Amino acid sequence: MPVMGEPDALGKFGDFGGRFVPESLIFACQELEDGFKSAWSDASFHDEFEEILSSFGGRPTPITYCARLSSKLGVNIYLKREDLAHTGSHKINNVIGQALLAKRMGKQNLIAETGAGQHGVASATAAALMGMKCKVYMGAVDIERQALNVFRMRLLGAEVISVESGAKTLKDAVNDAMRAWVSEVETTHYCLGSVMGPHPYPWMVREFQSIIGKEAASQWEKLVGKGSPDYVVACVGGGSNAAGTFAGFAEAGSALIGVEAAGGAALSFGVKGVVHGMASSILQDEYGQINEAHSISAGLDYPGVGPEHAYLAQIKRAKYASANDGEVLMAFKVLSQLEGIIPALESAHAIAWVINAAKSGEIEPGLNVLITLSGRGDKDVAQVSELLGGFSGAGPGLEEIDI
Ligand SMILES: *Cc1c(COP(=O)(O)O)cnc(C)c1O
């Protein structure tokens, strides 16, 4: 049995996953499972998926060796560059897969949820490419905070629907998107943004994202030679870039490390519960109420995590750690100044963990570390500049960093 194989007949990875949805959604999930199984066993679907990701999505993304950072840390750092994919992150892999699948299943419309707006922009992009209609559910609070991404989605032809329930953020947007899906399932596919939600989403999204890990594993052989990295590290929000990366190395000897935001560390501090149709590790209070997650990076502000990560943690195949906002800001500056790469704040969590682990000796000198750089930081520079005291010159806090 492969470590990251198919879930069981109930859609479970060990004790986690499943399909905890109202009766009215069972049909939609089953139809999607059947559609995905048929597509994923069809070579022509794979060909079309890979062709679009290459001619439109910018794949394959390269692996970059970080010479200066490596020499500072005494370990060899390699980055898998999802920041160079179209729309600036790994999210394009998943939305192209789901949009293609929706078309194959005869659906003309996409709906999606979004928090920071990145998945909404990616979904709107896929819809524009394929001539589909797209509606994006977004919390009213997030609409306020992410005006630029709201404009991007509208520019791409999508309709942005303001979600006024609950805390008016990502968690509520997922609930409303699922409700909307039930009422228009004949014509509409729900394009969910990470390895979460009811079966088959966690499995399906991991399969679409596994192109990251498979590509990296074959590039690794050419670049570094036989064997695999000693450490494979990725940030974890819902967990899709990490799951896609781990899928390429789960059978190898690599240590797999997922790095959460300290304020949203569902694996480090969560308990088993059910949210958004899945059983997983979740941040909740003693009454089972879901806690709000808080992080400097909106893309990691999710109170749960994909069920397969809860499973990989339980069987101890992967380890999960967290990085706090201060460590993340430092890593953001380090990668910018030492390597000429401005990372997404989400990705900077993975960098931050590696810097700390190399300095503390947890990663032994001379070992090889592959980090998935899930996205680029252009979307984050205004926020970081505010935190660092403005754009003027180098500004306080942007002096050469000594690590
Ligand atoms: C959305 C996002 C994430 C978090 O999502 P995962 O499903 O955990 O991968 C991480 N990095 C970037 C750049 C993102 O846009």
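The values are calculated or read from the model by the stated rules, or taken from the named source; none is laboratory data. Remember, predicted model here, so these are calculated numbers, not experimental data. Neighbour counts run over all protein chains shown; Cβ positions are idealised from the backbone, glycine included. Keep in mind that these areas ignore ligands, DNA and RNA; they rest on the heavy atoms of the full protein, side chains included. Shrake-Rupley method; radii C 1.70, N 1.55, O 1.52, S 1.80 Å.
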Ala298 vs. criteria modelled with pLDDT of 95 or more, surrounded by 14 or more Cβ atoms within 10 Å (Cβ to Cβ) and touching a helix residue (DSSP H, G or I) at 6+ places or on another chain (Cβ under 8 Å): no
Lone qualifier among Lys272, Lys222, Lys226 - being touching a helix residue (DSSP H, G or I) at 6+ places or on another chain (Cβ under 9 Å) and among the basic types (Lys, Arg): Lys272
Hits in region 227-268 (condition: among the acidic types (Asp, Glu) and either within 15 Å of the ligand (Cβ to nearest atom) or open to solvent by less than 10 Å² (accessible area, probe 1.4 Å) (or both)): Glu260
Yes/no for Leu283 being of a type in the set (A, V, I, L, M, F, W, C) and without any contact (Cβ under 8 Å) to a residue 40 or more places away in the chain: yes
Filter result for the condition that a residue is touching a Phe, Trp or Tyr at 6+ places or on another chain (Cβ under 9 Å) and without any contact (Cβ under 8 Å) to a residue 60 or more places away in the chain, over Ala266, Ala252: Ala266
Enumeration of residues in region 84-112 that are open to solvent by less than 10 Å² (accessible area, probe 1.4 Å), within 11 Å of the ligand (Cβ to nearest atom) and of a type outside the set (Gly, Ala, Ser): Ile92, Asn93, Asn94
Residues satisfying the stated conditions in region 197-222, i.e. touching a Pro at 6+ places or on another chain (Cβ under 9 Å), open to solvent by less than 10 Å² (accessible area, probe 1.4 Å) and of a type in the set (A, V, I, L, M, F, W, C): Ala216, Trp220
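Among residues belonging to region 187-206 that are assigned to a helix (DSSP H, G or I) and more than 11 Å from the ligand (Cβ to nearest atom), point out the one that is nearest to His309 (Cα to Cα). Outline the logic, then answer.
Here is the first cut: in region 187-206, the residues assigned to a helix (DSSP H, G or I) are 201-206.
Imposing the further condition that a residue be more than 11 Å from the ligand (Cβ to nearest atom) reduces the set to 201, 203-204.
Numbers: Tyr201: 14, Trp203: 11, Met204: 14 Å.
For region 187-206, the residue satisfying everything is Trp203.
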